[in-house]
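Here's the structure we're looking at; comments come further down.
The values are calculated or read from the model by the stated rules, or taken from the named source; none is laboratory data. No experiment lies behind these values; they were computed from the predicted model shown. Here the Cβ positions follow ideal geometry from the backbone for every residue, glycine too, while neighbour counts run over all protein chains shown. Side chains included, ligands, DNA and RNA excluded: accessible areas come from the protein's heavy atoms. Shrake-Rupley method; radii C 1.70, N 1.55, O 1.52, S 1.80 Å.
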Amino acid sequence: MASDNSLWKSSAVDVLRADPGFDLDNFDRKGTPGFTGNKSDGERLLGERGQVLSDLQELLYANGRSGDKRSVLLVLQGMDTAGKGGMVRHVIGHVDPSGVKHAAFGVPTEEEKKHHYLWRIEKELPRGGYLGVFDRSHYEDVLVVRVHDLVPPDVWGARYDEINDFEEKLVAGGTTIVKVAMFLSLDEQKERLEERLDRPDKFWKYNPGDVTERKLWPAYQQAYSAMIDKTSTEHAPWYVVPCDRKWYSRIAVTELLIDALEKLELDWPKADFDVEAEKARLAES
């Protein structure tokens, strides 16, 4: 599982974790924290470390098939065009899809609106041995809901503690949560939206509502700041990733996942049958 990781002068886990008092206003969205290489280095490293991630995920899946209840959940939260979909394709794309539980959370359906906001989240949690991926998440209910005044402040304000309790129970049950807050600059978002309008193969990704949401940028930044401040906990910290450079954000998230999986200290499950006897039976067959 070895690969050249010397281009990281400080680990992604250390440099991207949101410390108390994290200042989003002065966060460099074009930065490459901890990484000393350039784009070509990053793209090469993504392939190498992607193989490491793939091997570790196979270990997780194998252990799950043998009854291990542990899982890993990657939460991707960010503004439109931050690169959540690309993260799934270029990072999670390295691993075996049979061991992945992916869910994208958009506007709640009429059925979902009838239930508690965590109802739809609980339905999509990964079971033992799986790598879960949330494209948006339960945090929509302290972000979009807050910015658009969909419920009173005392309602969304109580959700921070509720989410912390929910995640603490998940961790206690064997789920490692990797929460990634993806931030791009307003100018970069505009360029990405312009590209979608310039390319017919990108029209399907364009949503006119994204331009409307841009006018609410300051309110969203306040909501994200509060989210990080109130829900970056010891059991489920936030990692804040600059996303103006897609190549950097992808290798950063790859490193975060590798770290989470390595800390599980997995090994290949022992055979629950007599190996020598099965060799003999196979030889005679």
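Descriptive notes on the structure:
- Residue list for the range 179-212, filter: outside any helix (DSSP H, G or I) and either among the hydrophobic types (A, V, I, L, M, F, W, C) or under 21 Å from the mean Cα position of the chain (by Cα) (or both): LYS179, VAL180, ALA181, MET182, PHE183, LEU184, SER185
- Residue that is modelled with pLDDT of 95 or more, part of a loop (DSSP other than H, G, I, E, B) and touching a strand residue (DSSP E or B) at 6+ places or on another chain (Cβ under 9 Å), where the choices are ALA236, ALA252: ALA236
- Qualifying residue in the range 94-104 (condition: surrounded by 13 or more Cβ atoms within 10 Å (Cβ to Cβ), assigned to a loop (DSSP other than H, G, I, E, B) and in contact with a helix residue (DSSP H, G or I) (Cβ under 7 Å, 6 or more places away or on another chain)): yes
- Lone qualifier among GLU48, GLU43 - being among the charged types (D, E, K, R), within 19 Å of SER249 (Cβ to Cβ) and touching a Phe, Trp or Tyr at 6+ places or on another chain (Cβ under 6 Å): GLU43
- Any hit, the range 270-285, residues being surrounded by 10 or more Cβ atoms within 10 Å (Cβ to Cβ) and within 30 Å of ALA172 (Cβ to Cβ): no
- Residue match in the range 45-59 (condition: more than 30 Å from ASP272 (Cβ to Cβ) and either of a type in the set (Gly, Ala, Ser) or modelled with pLDDT under 95 (or both)): yes
- Just one of (1) open to solvent by less than 30 Å² (accessible area, probe 1.4 Å); (2) of a type outside the set (Ser, Thr, Tyr); (3) closer than 21 Å to TYR248 by Cβ fails for GLY64. It is (3).
- None of ASP154, ASP149, ASP165, ASP187 is open to solvent by 20 Å² or more (accessible area, probe 1.4 Å) and at positive phi except ASP149.
- Within the range 4-58, the set of residues being assigned to a loop (DSSP other than H, G, I, E, B), of a type in the set (Gly, Ala, Ser) and surrounded by 14 or more Cβ atoms within 10 Å (Cβ to Cβ) comprises SER11, ALA18, GLY31, GLY34, GLY37.
- Residues that are crowded, with 19+ Cβ neighbours inside 10 Å and more than 11 Å from LYS179 (Cβ to Cβ), drawn from the range 224-245: TYR224, PRO242, CYS243, ASP244, ARG245
- Residue among LEU257, LEU216, LEU264 that is more than 18 Å from PRO33 (Cα to Cα), in contact (Cβ under 8 Å) with a residue 24 or more places away in the chain and within 20 Å of the chain's Cα centre (by Cα): LEU264
- Taking the criterion of being farther than 16 Å from ALA223 by Cα and crowded, with 21+ Cβ neighbours inside 10 Å, the residues of the range 133-146 that qualify are VAL133, PHE134.
- Scope the range 97-112; condition within 17 Å of the chain's Cα centre (by Cα) and touching a residue at least 12 places away in the same chain (Cβ under 8 Å); matching residues: GLY99, VAL100, LYS101, HIS102, ALA103, ALA104, PHE105, GLY106
- If you go through the range 77-93 and pick out every residue that is crowded, with 19+ Cβ neighbours inside 10 Å and either of a type in the set (Gly, Ala, Ser) or under 15 Å from PHE134 (Cβ atoms) (or both), you end up with 8.
- Selection of the range 247-285 for residues being closer than 30 Å to GLY85 by Cβ and among the small types (Gly, Ala, Ser) yields SER249, ALA252, ALA260.
- Subset of the range 77-92 (residues that are outside any loop (DSSP other than H, G, I, E, B) and touching a residue at least 24 places away in the same chain (Cβ under 8 Å)): GLN77, GLY78, LYS84, GLY85, GLY86, MET87, VAL88, HIS90, ILE92
- Any hit, the range 68-76, residues being open to solvent by less than 30 Å² (accessible area, probe 1.4 Å) and assigned to a loop (DSSP other than H, G, I, E, B): no
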